[in-house]
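The values are calculated or read from the model by the stated rules, or taken from the named source; none is laboratory data. Since the structure is predicted, the reported quantities are computational estimates derived from the model, not experimental observations. Note that each Cβ is placed from the backbone with ideal geometry, even for glycine, and that neighbours are counted across all protein chains shown.
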Amino acid sequence: MTATVMDDLDFFNFSEVCGSDRTRNQPFVDLSRNEHAGEIPKEITGMRILNYLNLLRNHLVGSIPSSISTMQSLTSVDFFL
């Protein structure tokens with residue numbers, strides 16, 4: 001398994017991260033405790049082999065995209081505020 005480390009999140013755009021070639025094939029994404037604000041983008045469903053998604057302790061608003069339920073490889077999600 002490979003992992004991608006994002007060293008500088010000053011430019012962070014959740015939609016771009018979910019749709020980027022760099023992260024699209026990552027099975028593990030931990031974006032916890034980064035003070036991200038806004039909605040969970042529907043582009044997250046483009047991460048086809050994603051097994052684990054951690055969005056713990058951010059400032060997310062809105063509803064969880066219903067398309068997340070179609071992600072067959074996703075086995076663990078943490079949305080706790």
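Data for the structure
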| item | result |
| --- | --- |
| Entirely in the chain, the strands (runs of 3 or more DSSP E) that have 2 or more residues that are at pLDDT 90 or above and either on the phi < 0 side of the Ramachandran plot or of a type outside the set (D, E, K, R) (or both) | 52-54, 76-78 |
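One line per residue, one yes/no per condition, for (1) in contact with a Lys or Arg (Cβ under 8 Å, 6 or more places away or on another chain); (2) closer than 20 Å to Asn25 by Cα; (3) buried (at least 17 other Cβ atoms within 10 Å of the Cβ):
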| site | (1), (2), (3) |
| --- | --- |
| Lys42 | no, yes, no |
| Gly46 | yes, yes, no |
| Arg57 | yes, no, no |
| Ser66 | no, no, no |
| Met71 | yes, yes, yes |
| Leu74 | no, yes, yes |
| Phe79 | no, no, no |
